[in-house]
1. Accessible area lost on pairing C with A, both sides, 1.4 Å probe, Å² to nearest 100?
2. Below 8 Å, C-alpha to C-alpha, sequence gap of six or more: please give me the relative contact order for chain C in percent.
3. Using a probe of 1.4 angstrom, how much of the accessible area of region A:402-462 is carbon and sulfur, in percent?
4. Taking the alpha-carbon distance from residue A:249 and a cut-off under 27 Å, which lysines remain once sequence neighbours fewer than 8 residues away in the same chain are dropped?
5. Averaged across orientations, what area in nm² does the convex hull of the alpha carbons in region B:126-238 project?
6. Answer rounded, prolate or oblate for the protein assembly as shown, using the Cα gyration tensor with square roots of eigenvalues a ≥ b ≥ c: rounded when a/c is under 1.5, else prolate when a/b is larger than b/c, else oblate.
7. Compute the acute angle (0 to 90°) between the alpha-carbon long axis of helix A:342-353 and the principal axis of greatest extent of the alpha-carbon atoms of chain A; round to the nearest 10°.
8. Quickly work out the residue B:65-to-residue B:160 label distance, labels modelled 7 Å from Cα along the C-beta direction, and quote it in nm with one decimal.
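The values are calculated or read from the model by the stated rules, or taken from the named source; none is laboratory data. Bear in mind the structure is a predicted one, so any value in this text is a computation, not a measurement. Every residue, glycine as well, gets a Cβ built from its backbone with ideal geometry; the counts of neighbours run over all protein chains shown. Areas reflect the complete protein model, heavy atoms only, side chains present, ligands, DNA and RNA absent. Shrake-Rupley method; radii C 1.70, N 1.55, O 1.52, S 1.80 Å.
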Amino acid sequence: MAAAKPDPIPDFLETSRKGVADADLRRKLENSTGRHLEHVAHMRAEFPGYDGERDVARRIKEDAIGRLDELLIELKQKLEANGCTVFVAADAAEARDYIIKIARKASARHVVKGKSMTTEEIDLNPALQAAGMEVVETDLGEYIVQLRRERPSHIITPAIHLSKEDIGQLFADQLGIAYTAEPEALTAAARERLRSIFLGADLGVTGVNFAIAETGTLVLIENEGNGRLTSTLPETFIAVMGIEKVIPKLADLSHFLEILARTGTGQKLTTYTNFISGPRREGELDGPRAMHVVILDNGRSAMLADPVMREALYCLRCGACLNVCPVYRRIGGHAYNSPYPGPIGSIVSPNLFGSAAAKLPFASTLCGACRDICPVKIDIPRILLHLRWKETQAQPPTKWPADARRTRAGVRRFARMARHPRTLRLLSRIGGWMLRPFARDRYLRRMPGPFKNWTRWGRDFPAPGARRRKPRGEG
Amino acid sequence: MPEVRLFATCLVEEFYPSVIESAALVLERLKLKVRPLRSAFCCAQAPFNEGLRDEAVDLARRFLKSCEPGTPVVIPSGSCTSMVKIFYSDLLADDPALAKKAAAMRPWLFEFSQFLVNVLKVKYVGARFDRTAVYHPACHLTRELRVVDEPRLLLGAVQNLRMVDFRNPEECCGFGGAFSVKLPHISAAMVEDKIVRIKESGATAVIANDCGCLMQIGGALHRQGLQVETFHLAEVLAAR
Amino acid sequence: MSAFHKIIATVKSAIERSPRTAPPAHPASPGVIVPVTHDARRAELISQFARELEAVGGAFLGIFSPDEVRARTVALARDIGAHTAAIGAGVTLDTAAVARALEQAGIAVIRPGASGDAERASYRERLAGCDLGIVEANAGIAATGTLAVIGTSASPNSLTLLPPANLIIVNADRMRADLAAAVSAIGAETFTTKRVALITGPSRTADIEKMIVLGVHGPRKLYALAIWPNEV
Ligand code: SF4
């Protein structure tokens, strides 16, 4: 069977323009992310150990990533000793093929999925469907976006771009229930649907938050209980994780849990923290008969080899950097055309998807809000700068539109001239004289050249040198 | 009389000459001898943020050549101060000699409000400014330099100035250098929302210590025809 | 070289390009400094637990002696109008006695049985249709209002997953101050051989406009009670 040709990835400039033009979307994002930030601020204020735990958690990650080879060997051994089958996949295709092989061997027809960004990354759902299986996302937010045939727009809150009215309409259309915008009623309707799907499922697939090498235990964190159901009810269970998820010891875990929910969802702890070490044991009444763990590289070891990039592997996928990001809050997650949107997406996606995501590191003012909220203090702005520099070296060069190319050329020209301050001062004085007649109370309404986009997009331009006299004390 | 160097920064030279005059005046009133640092024009942030490292290194070299440890350099911008104080160590990592100079210079580089409050230990500079204003905390100032209280302390001591709060003040205004024209739609959306919040506050003035923010916020306020003016902190502190 | 070893080799050579960092020294989890009596400490932990549990939408029924637990459980089952209850084997409590008390009160009881395919399927079906699941937790966490529940053949995981309401019992002696203390009390051995779930309140979601709704997939109601062990 010929695989369907993947749609070309749309351009970030285009999709982000759509994002900002959607006033409704921006209002929804502002409300939801704002609510999250309030919860987080509250949690941080009442937990004095917060910052200390962040440092400890970060150091554990530094240590773990610094000896990832040993830890992966240990993890694999321990998982196998606990009865799991472990497969290490070099890339997305290998991971997909393996999962489909297992699914076929188990004669699986009905697949339930817990929330997993890693399976989004490897585009697992279309592959399973192409292999003839029915795939249902069971996290409420994921279920909603799946019904809409969309991708999640946030790594924690997949349907953050939708209002309760949107979801009410969707459920009325697709589930045939009477229209309601009551979150309680909508949730109840989804619960009923999904419960019967769970009871009939023969394969469960979830992601992994932490993998403890010492004990061979996977830790799954969630609020809904769908991850527990997915890993407990079907006869076959597959957990998919990136190589960076491994931590050395059981005792390390609490340091992450103390900060992860506080930053990710504004809770002290999520409702369920599930520890899964293996399949059903002799005499047990539930749990899968077979458990597989797919450990995925897919570009991560290349990130590891880059000393600046490396710390991106500490990410806990808490989603807080998205909520605090002024760019994400204006354009929404779909604009990024990647399963990983927002600041973390902008540093990870170019490594995973190459030139298709090369523009993302430029989608930032380097304001640093992401680094400040990050539970493991990932220096995202520094990595963005690093990736920008790499982008300028890329062969073939990224396809930028003419105005962006002009901007870069303009910055380069300016930088070269700025090596000769005297000449530059003279030139800018001449430029100022030329522009001044067009100024109205010290501002220009229209600018040429690299500044064209400034005045075209809602801002007047200060007339060069017009602001000479300092203001006076009277109002 | 102790001497300080005052580095104007490119945005001030091009668009806000009154800022450098004001900053010099404030420092002189505090009995300092102010010597402008004119042999450099730009801190290198513009090319650095665009990924143009080679061009940035050239400008950093130029900047470092024009100053010496031992004499403080005062910069009326959080962003440019972050560049020379923090980002130089990444930028110059491959050039040990320059990196060494940058490290030696680091303790002598100060953002304007940082210098006044932490080094000179002053809060009251005799300013009077009759406005109702919000203070916009610039991103690099706040999150790179961690200068949070200093500008507020200085503004608190200005006679007749009424400071009011606005929602989510720390969120970026959307300037971001080349970002503002490279991704102009996002940049404009950011400042648009910032202005909504400024309007709610009832302020007639916006004060910040970074000319990038002033250009962005001022430009958008002016386009919308709003009667809200923008000022640099130095201008406010120089007013009487 | 196998595919696995190839990836390990890649990872290894990647690591070698920049230096390793020493593992962190773990700070001791903040314990109690002021010595208090055992009873006072236990009571304090339980009241903190109760507060935290209520904050996440759970209900704390109180502290009871092992004998009182039976009557309180029956009363709860009556209050919520339960016709059937499923119960797992206790950790410190004789849950068989609780089961008998429920039956005497006219409530049907589902007990875990044999593990053949047919028995497992029918057990699951009955769990999905029952009104209340009852288990005893292995440990409690005061700081977060959390119950650590361990799945065994005599107390399967599904008990805290399929029924619409749960009663989780915890022995006061097994209440720990924080997560780190609870995890170390349960011990690494248990984590490798059993499924452990830390449960903090009823199942919930915030996927619709970040508004909290309880009972999305798991139980909508979570009741907890503490046993005050008989002194010897
Ligand atoms: S980068 Fe940090 S804040 Fe962003 S998702 Fe990862 S852990 Fe969370």
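1. Details: alone 13470 and 24530 Å², together 30790 Å².
In total, this chain pair buries about 7200 Å².
2. Numbers: 396 pairs, mean separation 55.6, N = 232.
Here the relative contact order equals 24 percent.
3. 58
4. Here the lysines satisfying the reach criterion relative to residue A:249 are A:61, A:76, A:78, A:115, A:268, A:377, C:6, C:12, C:194.
5. Details: hull surface 26.2 nm².
For region B:126-238, averaging the hull's shadow over all directions gives 6.6 nm².
6. prolate
7. Value to nearest ten degrees: 70.
8. 4.7
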